[in-house]
Amino acid sequence: MRCGNRSGRSVRLRLQRIRGGISIAHNEVAFSGEPSEIPLRKGDLFGVDVSLKKDGWCGDTQRMWIVGDETSAQARLLNAVGYQAMCLGISLVRPGAEVQSIARQVQAYVESYGFSMLRVASATGHSIGRVHADGWLIPYYEDPSNAGRVLEKGMVITVEPFISAGSGEGVRLQNSTRSAVSADGALTTYWEHVVAVTDTGCEVLDLREGEDVTFYDHRG
C-alpha cells in the first residue's frame, strides 16, 4: 500500500480484521469500522484511523470530522471534549509520569462534561514501535492494568482516549469485520496521536500541519 506520496506498508490491526490498515469511526460505531458505501449525512461524527509501517517502524493516527456545518450541540461538544482529552493526555507525558495518574486526569476531565470513558478492553492506547502494539495497553481511565507503570525517556505510546455520550459500558460487534458499536447506541469519538517521551516532556510524532495540541479547558 502507498500512503499519499510516501511509500509505507499498511499494518494488520491487532484486534480487528480491517483490510489496508484503515478503519473508521462513525457516530455510534466507536472503532474498528470497515470502510463501506454507507453515505455520510450532515451532522455525522466521522473518523479515520490509519496504521502503517515504514522503514521497520509503525505509525498509528486517528482524527475526527463533523460532516457539514450543522450538528447537534451534544455531538459538537463530545467531539471537542474528545480532542481536548487527547491534548490533556499529551500534556502530561514526560519522564517519571505515572500512567495511572495520566489516566485519572483524562477521565476526570471527560466526566466533568457529563460524558463517559468507553470501557472496552480493545479501546485503549498502547505502546508502539517495531510492532503496532508492542507491550503495554493503556486505558485512559483508572484501571488496574495502569498500576505501577511509569513513563521513561525513549518510550513511544499512543494517546487515544475513547469517550461516549452514553454509559460507556461495552460495545457490540456489528458484523464480520468486528465493527465495535456502542452497546447503548450512544455517540462516540476518539482522537489519536503517537507520542515519544523525551528528556523533559514529549514530542508528537504525527502532528498534522497547522495542528495545535495545546490543552485548553475553555471553562477557565
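The values are calculated or read from the model by the stated rules, or taken from the named source; none is laboratory data. Just so it is clear, the structure is predicted and the values come from calculations on it, not from any experiment. Here Cβ is always computed from backbone atoms with ideal geometry, including for glycine, and neighbour counts include all displayed protein chains.
Quick look at the values:
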| item | result |
| --- | --- |
| Filtered residues of region 165-179 (kept if crowded, with 20+ Cβ neighbours inside 10 Å and either closer than 20 Å to Ile128 by Cβ or not aliphatic (A, V, I, L, M) (or both)) | Gly168, Ser179 |
| Meets criteria (exposed (fewer than 15 other Cβ atoms within 10 Å of the Cβ), farther than 20 Å from Ala196 by Cβ and at pLDDT below 95) for Asn27 | no |
| Candidate set from region 107-135 (those that are in a helix (DSSP H, G or I) and under 16 Å from the mean Cα position of the chain (by Cα)); member that is surrounded by the most Cβ atoms within 10 Å (Cβ to Cβ) | Val110 |
| Subset tally (residues that are modelled with pLDDT of 95 or more and closer than 20 Å to His132 by Cα) for region 180-197 | 8 |
| Considering residues of region 67-99 that are farther than 21 Å from Asp217 by Cβ and not charged (D, E, K, R) only, the residue nearest to the chain's Cα centre (by Cα) | Val99 |
| Single condition Val195 does not satisfy, out of (1) in contact with a helix residue (DSSP H, G or I) (Cβ under 9 Å, 6 or more places away or on another chain); (2) crowded, with 23+ Cβ neighbours inside 10 Å; (3) more than 23 Å from Gly59 (Cα to Cα); (4) of a type in the set (A, V, I, L, M) | (3) |
| Options Ile138, Ile128, Ile102; residue that is at pLDDT below 95 and either closer than 24 Å to Glu211 by Cβ or in contact with a Phe, Trp or Tyr (Cβ under 7 Å, 6 or more places away or on another chain) (or both) | Ile128 |
| Failed criterion for Arg17 (all others in (1) at pLDDT below 90; (2) crowded, with 17+ Cβ neighbours inside 10 Å hold) | (2) |
| Flag for Asp69 being under 26 Å from Glu209 (Cβ atoms) and either among the polar types (S, T, N, Q) or out of contact with any Gly (no Cβ under 6 Å at 6 or more places or on another chain) (or both) | yes |
| Wholly enclosed strands (runs of 3 or more DSSP E) of region 137-187 bearing at least 1 residues among the small types (Gly, Ala, Ser) | 162-164, 180-182 |
| The listed residue being modelled with pLDDT under 95 and either assigned to a strand (DSSP E or B) or touching an Asp or Glu at 6+ places or on another chain (Cβ under 6 Å) (or both), out of Ser51, Ser36 | Ser51 |
| Selected residue (only one of Gly89, Gly96, Gly154 is touching a strand residue (DSSP E or B) at 6+ places or on another chain (Cβ under 7 Å), crowded, with 19+ Cβ neighbours inside 10 Å and at pLDDT 95 or above) | Gly89 |
